[in-house]
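Please find one structure pasted underneath; my questions will follow.
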Amino acid sequence: MENKPPTPPEEPTRTFQPKILLIWLAILAVIVGLVVSQSGTKQTTIGGLRTIDQLLTAAKEDRVELATIQSNPKGGEEWYVITGEFTNPSYDPQASETFQTLKFLVEGRVTESEYKELRAILGDRLQESPSSTIWTDLLFSLLPFLLIIGLLYFLFVRQLRMAGKGALNFGKSKAKMLTRENEKIVFDDVAGCEEAKEEVSEIVDFLREPKRFRKIGGKIPKGVLMVGPPGTGKTLLAKAVAGEADVPFFSISGSDFVEMFVGVGAARVRDMFEQGRKSAPCLIFIDEIDAVGRQRGAGLGGGNDEREQTLNSLLVEMDGFDGHEGVIIIAATNRPDVLDNALLRPGRFDRQVMIDLPDLEGREAILKVHAKKIKLSDDVELSSLARATAGFSGADLANLLNEGALIAARRRKKVAERIDLDDAREKISFGRERRRVMDDEDRKIIAYHESGHAIVQAVIDDGLLPIHKVTIIPRGQSLGSTMFTPKKDILNHSKGRVLNQICCAMGGRAAEEIEIGDVTSGAAGDIRMATSIARSMVCDWGMSDLGMISFGDKQDQVFLGKELGRAQNYSEETAQKIDIAIKTVIDEQYDRAKSILEEHAVALHASAEALLEHETIEGKHIHEILEHGKLMSPVITSNPVDSKQSETDESSTPKNTEEEKGDDISPGGEPAGAPA
């Protein structure tokens, strides 16, 4: 389509004007100069002439060379100021510090007879100077008023004018119009969400060739809602639509509708659609629409709800009495559960495009897109890296390559190698290594704790979740970590696999009890995770003796008003049965983990000793200990980072103020399928 509407001119922004400030400073300097010259002290060298009588005496002695008389308005009509020069009576040509002539100043009351006598003696040597002119009088009388008016203008009037203009613009939409020249992202730059690209590219095709769809009676959707977890590329896909579409593209955030004044949000919605109608056909992208699209009536209290007014205006504009033909809305959110049902119905958001976490092929495609800007070594295989990053979003994968490049640069390498990317993946998933001083007792407890996790997992693993690495070096908030690398994307969870996850989580506590005869707080995170999985088994998945019944309407984040108004949908007796069932599941798996470790006590001690010696061992070493009772292959450590550069890297990682010798399999090593 060639009939592009002209780009609306941008409103001129009021900038600071230094010329006006310079003008006012010059005026102020002139005023100060005049005041100082008129009211300043007349410091002169006086040699005995201070009164009119002394001046008359000097004039009679013919020692006054020049005199100027000026009326003094401060003292009345008969008060004058007489200045001039006279001959120094004590002048000594031989002395170097005496002056032949001196200046005098006489200020006081001069009668008419004294003035006539002085005029007769001095003659032409007496000059008269008026104290002021009509212009100076006018200037000094008006300057205070002009100065006050100018200050009031700058302090109040100008600010009120700008505030009034801003108040008139409160109802204007803040949507920014993007042009194709400024937007460089296209569909080829977006990978890992092919189905979503097809959905939105169909809208772009309709805008380019509307006749092809209208011939068979098809109508373009009025709205497309992109839903997905954070970092999956919703906003990036919208930028690609802006780059591909040959129509005006407006972008705005959901929070831009919110203002401190009532009614502003609704006015901005109306103005946004009005701009869209003028530029139709066009696309309007609303990022984070959940800021204004939350369910109505879900809050506490009464009164006027500004957010509901904004939502009502949005509902009417999208599909109300007056249509908006040619204006297509694309919105993005990661909280579709909180959106109002009226906003999601066909006619408003006709399509909901799900952009989920990428699968294996999607992760590899995303890595290829981001790897174009990074120098990678020949030993880097993006396919194997994609297989090892199950559960990573597009933003995580981009961050992975960037962190790998930074680590390689700190190690003085010219290209990023596979070991750099592996270290970056462990840093993102489990946290950065934190070397800290620990005594032998703490190191022994942590070594046996991690060995318990590793031995149990190695024994019961079905090959889906192999052990990647075991370490007693603190990472993140844990003092040790047992890391797992799933071989594939886990989409479904069987009862046996879930019980294995709980059993593995209990392995750390069981190892502590077997070795030291006591328990520590190191299993706090393991207990939380095991309890969460067991509760989901009983209440949501029907994997208990209570049967296939869902206990409770589970919501991740419910509204406060709905939560208070919702009654418990099972009895107290059932609640007790639920607690007993959860405890039974955990106790059984704890006994199972303890029996496994007692059966493989030799492997437990050998793996703990290997951890105390090497601090970090790989998953293959655990299997070697189970089969042969000792390490068969050498332990290879990653290249150490230079100490000076390590300090720089520390600044980029948030430091934990509170440390917990707790969940050592929680960040990336959390068993897949654990409920959120």
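Starting from the 7 Å offset along Cα-to-Cβ, what nm value, one decimal, do you get for the label separation of SER633 and ASN341?
Result for the modelled spin labels: 5.7 nm.
Could you work out how much longer the chain between LYS373 and ILE490 gets when fully extended? Use 0.36 nm per residue separation minus the Cα distance between them, nm to one decimal.
39.0 nm
Could you work out how far apart the two model spin labels at ASP53 and ALA575 are, taking each label as a point 7 Å from the Cα in the direction of the beta carbon, and quote it in nm?
11.2 nm
What order do you get for 529-535, 380-386 when each peptide is scored by the mean count of other beta carbon atoms within 10 Å, highest first?
For the peptides 529-535, 380-386, the packing ranking is 529-535, 380-386.
Still on this structure, I have one more. Based on the Cβ-Cβ distance from LEU143 to THR87, what FRET efficiency comes out when R0 is 30 Å, to the nearest 0.05?
Efficiency, rounded to the nearest 0.05: 0.15.
Leaving out ligands and nucleic acids, and using a 1.4 Å probe, what accessible area per residue does the range 399-456 come to in Å²?
43 Å²
Sort the following peptides by mean Cβ neighbour count (other Cβ atoms within 10 Å, averaged over residues), highest first: 435-448, 414-427.
The packing order, highest mean first, is 414-427, 435-448.
Roughly how much of SER571 is accessible, in Å² to the nearest 10, using a 1.4 Å probe?
60 Å²
Using 0.36 nm per residue, how much length does the chain from LEU105 to GLN70 gain when fully extended, once their Cα-Cα distance is taken away?
Value of the extension gain: 11.5 nm.
With r defined as the distance between the Cβ atoms of ASP440 and ALA601 and R0 fixed at 22 Å, what FRET efficiency is calculated, to the nearest 0.05?
Between ASP440 and ALA601 the formula returns 0.55.
Separate question: Pop out the carbon and sulfur fraction of the accessible area of the range 334-399 as a percent, whole number, probe 1.4 Å.
After summing per-atom areas, the C and S share lands at 47 percent.
Past 23 Å, Cα to Cα: identify those pairs from LYS184/LYS372; LYS197/LYS487; LYS444/LYS583; LYS239/LYS487; LYS373/LYS414, in the order given.
Flagged as over cut-off: LYS197/LYS487; LYS444/LYS583; LYS239/LYS487.
The values are calculated or read from the model by the stated rules, or taken from the named source; none is laboratory data. Quantities reported herein were computed from a predicted structural model and do not represent experimental measurements. No Cβ is skipped: glycine too gets one built from the backbone with ideal geometry, and neighbour counts run over all protein chains shown. Side chains are part of the model used for accessible areas, which takes the heavy atoms of the whole protein and leaves out ligands, DNA and RNA. Shrake-Rupley method; radii C 1.70, N 1.55, O 1.52, S 1.80 Å.
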